[in-house]
Amino acid sequence: MTEMNRSEAAAVDLYWLPLGAGGHSVRLNGLVFEAVAARLKHRTAADLYHSALEVHVPQGRFVIEMTPIADGNGAQRGVVAEGPVGSRWPSRFRIFRYELRRWKDGLIPDVNEAVESPRRLTTDSRSAQLVLDLAPSIPTPVWGRDELGAGDMWNSNSVVSWLIVRSGLDAESIRPPEGGRAPGWKSGVVVARRQQEQKAPTRS
């Protein structure tokens, strides 16, 4: 985790984490997925990345991340929402749901494996607070599918890119580490912009 200077009141930092860092089965599944996707699109396979945010505001440091549900003590991890994984019908079982964390003094479990991180997105206090305030409003469609018609699956990267766009930060300049891909990033951007356009005042 980054250490804030005493003179810095706020910041938003982005972390790029290798898919499945700390979890061999997830990493293996990711490698298989990317190998198949690359072959179908006639391109070279890339490293896959999962993203998370660390937000500093005067009232403390918060971690925002989509993760599997570890147990029934979500309040201790600042969970603000849950969603289904893969399909809606088995989501009554915890293993088939994900959680969205806005965790004060929280941890990114695999942060030591982060690549080209942290990337500071802003030190504007209003933007940082807005990222926190918007977290409970993050859409919760089925993970791994494109229920919202954005042209890409919804996953942890969608959550981060959605927050970046909705809070007014620059998503266009953000790229995953060299040689890597961030599946789902496009989905969050598309959905966030669509919502912004729907809420924009119409001219009479």
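Computed from the coordinates by the stated procedures, all read-outs in this text should not be read as laboratory data. Owing to the predicted nature of the structure, the values given are computational and were not obtained by experimental measurement. Positions of Cβ are backbone-derived with ideal geometry, glycine not excepted, and every protein chain shown enters the neighbour counts.
Residue farthest toward the positive end of the dipole of the stretch 11-199, with Cβ of Lys/Arg at +1 and Asp/Glu at -1: which of Met66, Trp16, Ala114?
Value: Met66.
In which sequence would Phe93, Phe62 go, from the one with the fewest C-beta neighbours within 10 Å to the one with the most?
Values: Phe93 9, Phe62 22.
Taking fewest neighbouring Cβ atoms as first place, the list is Phe93, Phe62.
Going by how many other beta carbons lie within 10 Å of each one, how would you line up Ser167, Ser51, fewest first? Numbers along the way, then the final one.
On the way: Ser167 23, Ser51 28.
In order of increasing Cβ crowding within 10 Å: Ser167, Ser51.
Using θ = phi - 60° and the Karplus relation 6.51 cos²θ - 1.76 cosθ + 1.60, list the HN-Hα couplings for the stretch 52-69 in order, rounded to whole Hz, with x at every Gly or Pro.
Each residue's phi maps through the Karplus curve to give 8, 10, 10, 10, 10, 9, x, 7, x, 10, 10, 10, 10, 7, 9, 9, x, 7 Hz.
Quick check on packing: order 80-86, 168-174 by the mean number of other C-beta atoms within 10 Å, highest mean leading. Let's see the in-between values first.
Details: 80-86: 17.4, 168-174: 13.9.
Result, highest mean Cβ count within 10 Å first: 80-86, 168-174.
How far apart, in nm, are two points set 7 Å out from the Cα along the Cα-to-Cβ line at Gln195 and at Asp105?
Simple spin-label model gives 3.0 nm for this pair.
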